[in-house]
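Visitor: Take a look at this one; I'll ask things after.
The values are calculated or read from the model by the stated rules, or taken from the named source; none is laboratory data. Since we're looking at a predicted model, the values are computed, not measured. Note that we place each Cβ from the backbone using ideal geometry, even for glycine, and neighbour counts take in every protein chain shown. Please note that ligands, DNA and RNA were not included when accessible areas were found on the heavy atoms of the full protein model with its side chains. Shrake-Rupley method; radii C 1.70, N 1.55, O 1.52, S 1.80 Å.
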Amino acid sequence: MTSGKLRVVVTRRLPEPVETRLRELFDVDLNLDDAPMSREQLADAMRRADVLVPTVTDRIDQRLLAQAGPDLKLIANYGAGVDHIDVETARQRGILVSNTPGVLTEDTADMTMALILAVPRRLKEGLRLIENDEWAGWSPTGLTGRRITGKRLGILGMGRIGQAVARRARAFGMQIHYHNRRRLHRSIEESLEATWWESLDQMLARMDVISVNCPHTPATYHLLSARRLKLLKPTAYIVNTSRGEVIDEAALARMLRAGELAGAGLDVFEREPEVNPELKGLDNVILLPHMGSNTIEGRIEMGEKVIINIKTFADGHRPPDLVVPSML
């Protein structure tokens, strides 16, 4: 610690207002070139920091935590998801973990709804026709898509983002269904006009669109397995703006190529930044580079949450967004 200030190491470039405020409050090492840290660089950062500010690109596992220095007491994650951090091991070593819940809800829900609209309406193919000067003019049967009004939307994970997706989808006339670890309070169900399915299998078999909005945990890894994907109707679409590991990506790619599913909109992938090549080049698949929450407003709000968590910790109090293993 220098001059009484916490030593904070930030692993990636953050919006300028966030970096400036961090420097005002703490003794901060910034990553000005924005290159992801190697394992060795991350280990070095953890040896010299009082507080580490990582992102989803930093996998902080048991082996890395074993190399942490004695002064590291808080990992203030820049992001809501913490599946890249071994939270239980961190806690055992006396290291708290915080995150940034809530601020990305509306942005991620917007992107989810954009994909729900874009894939059935074949926007990717339409854009390509225009860009390649291949459009011959309006046709009664040209690029015929599918209407989403009146269709059944099955939401997998009805937390903040899932509920925000439901509100948007209702405005487009979709019927809302969901599967969740726990059933929502009746008042929330009524406000969303949502139908709960205790059985994920039964829900999948009846839906026109599936939206994946649950976090990645050991319990949700390949929750949409090859077996479950085969329960979907061949006219169904899948949209995933949560985590790629929730879906068996190889099985999904095989089914899309075989015409066993109508299409997919994917903003996340199982082995990011690697994208399964079998998903590429398909007209009925839209692939985005994990940009669902990427608005400047959202990124700044994430940084503000990180700062509040660190400042609260520095003042000797529990960070407001503390993550504990029982939450996962």
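Visitor: For the chain, build the convex hull from the C-alpha positions and give me its volume per residue in Å³. Each step should come with its number before you reach the end.
Guide: On the way: hull volume 49.7 nm³, N = 328.
In the chain, the Cα hull volume divided by residue count equals 152 Å³.
Visitor: At a 1.4 Å probe radius, carbon and sulfur cover how many percent of the accessible area of segment 157-213?
Guide: On the way: 1280 of 2880 Å².
Whole-percent figure for carbon plus sulfur exposure: 44.
Visitor: Next question. Check which residues have an amide H placed less than 5 Å from residue 195's amide H, if you skip close sequence neighbours.
Guide: 176, 177, 178
Visitor: While we're looking at this one, here's another question. From Cα coordinates alone, what are the radius of gyration and Dmax values for segment 73-133 in angstrom?
Guide: Using the Cα atoms of segment 73-133, the pair Rg, Dmax is 19.5, 61 Å.
Visitor: Let a ≥ b ≥ c be the square roots of the eigenvalues of the Cα gyration tensor of segment 239-316; is it rounded (a/c under 1.5), or, if not, prolate (a/b larger than b/c) or oblate? Can you show the working numbers first?
Guide: Working: a/c = 3.98, a/b = 2.84, b/c = 1.40.
Prolate, because a/c is 1.5 or more and a/b exceeds b/c.
Visitor: When Rg is the radius of gyration of the Cα atoms in segment 15-55 and Rh is its Kirkwood radius, what does Rg/Rh come to?
Guide: Numbers: Rg = 10.8 Å, Rh = 11.2 Å.
My calculation of the ratio gives 0.96.
Visitor: Another one. Taking a point 7 angstrom from the Cα of residue 254 along the C-beta vector, which residues in segment 227-242 have backbone N less than 18 Å away?
Guide: 227-234
Visitor: In debye to the nearest 20, how big a dipole does segment 106-216 give about its Cα centre with +1 on each Lys and Arg Cβ and -1 on each Asp and Glu Cβ?
Guide: Numbers: 17 positive and 13 negative charges, 74 e Å.
Charge dipole, segment 106-216, about its Cα centre: 360 debye, nearest 20.
Visitor: Continuing with the same structure: Straight-line reach from residue 233: which lysines have Cα under 29 Å away, leaving out those fewer than 8 places along the same chain?
Guide: Within the straight-line cut-off, residue 233 pairs with 124, 151, 280.
Visitor: Can you give me the % of accessible surface on segment 221-283 that is carbon or sulfur? Probe 1.4 Å, all protein chains present, nothing else counted.
Guide: Values: 1340 of 2610 Å².
Taking all protein chains in place, segment 221-283 shows 51 percent carbon and sulfur surface.
Visitor: For segment 1-45, what is the accessible area per residue in Å² when the probe is 1.4 Å?
Guide: Numbers: 2450 Å² over 45 residues.
With all protein chains present, segment 1-45 gives 54 Å² per residue.
Visitor: Now for a separate question. Testing the spin-label approximation: label points 7 Å from Cα along Cα→Cβ at residue 196 and residue 39. State their distance in nm.
Guide: About 4.4 nm, to one decimal.
Visitor: Identify, among 137, 295, 239, the residue whose Cα sits farthest towards the positive end of the charge dipole of the chain, taking +1 on the Cβ of Lys and Arg and -1 on the Cβ of Asp and Glu, with the dipole about the Cα centre.
Guide: The one lying farthest along the dipole's positive direction is 239.
Visitor: May I pose another question? At a probe size of 1.4 Å, how large is the accessible area of residue 208, to the nearest 10 Å²?
Guide: 30
Visitor: Still on this structure: Consider a paramagnetic label point 7 Å from the Cα of residue 172 along Cα→Cβ; state which residues of segment 123-155 have an amide N under 15 Å from it.
Guide: 123-124, 145-155
Visitor: Compute the semi-axes of the equivalent ellipsoid of segment 16-114, taking the square root of 5 times each eigenvalue of the Cα gyration tensor, and list them largest first in whole Å.
Guide: Values: eigenvalues 112, 62, 35 Å².
For segment 16-114, the semi-axes come out at 24, 18, 13 Å.
Visitor: While we're on this one: In debye to the nearest 20, how big a dipole does the chain give about its Cα centre with +1 on each Lys and Arg Cβ and -1 on each Asp and Glu Cβ?
Guide: Charge dipole, the chain, about its Cα centre: 1020 debye, nearest 20.
Visitor: Also, I was wondering about something else. Arranged from highest to lowest average of other beta-carbon atoms within 10 Å per residue, in what order do the peptides 91-98, 300-307, 30-37 appear? Before the final figure, lay out the partial values.
Guide: Values: 91-98: 17.8, 300-307: 21.5, 30-37: 13.0.
So the peptides 91-98, 300-307, 30-37, ranked by packing, come out 300-307, 91-98, 30-37.
Visitor: Let me ask something additional. Per residue, how many Å² of accessible area does segment 78-210 show with a 1.4 Å probe? If you can, show how the numbers build up before the last one.
Guide: On the way: 6970 Å² over 133 residues.
I get 52 Å² per residue for this part.
Visitor: Would you kindly compute the Cα radius of gyration of segment 154-293 and its largest Cα-Cα separation (Dmax), both in Å?
Guide: Calculated on Cα positions, Rg and Dmax stand at 14.3, 44 Å.
Visitor: Take the solvent-accessible surface of the protein heavy atoms, probe 1.4 Å, and return the percent of it on segment 1-130 that carbon and sulfur atoms account for. Present the calculation step by step, with values, prior to reporting the outcome.
Guide: Working: 2860 of 5840 Å².
Carbon and sulfur atoms account for 49 percent of the accessible area of segment 1-130.
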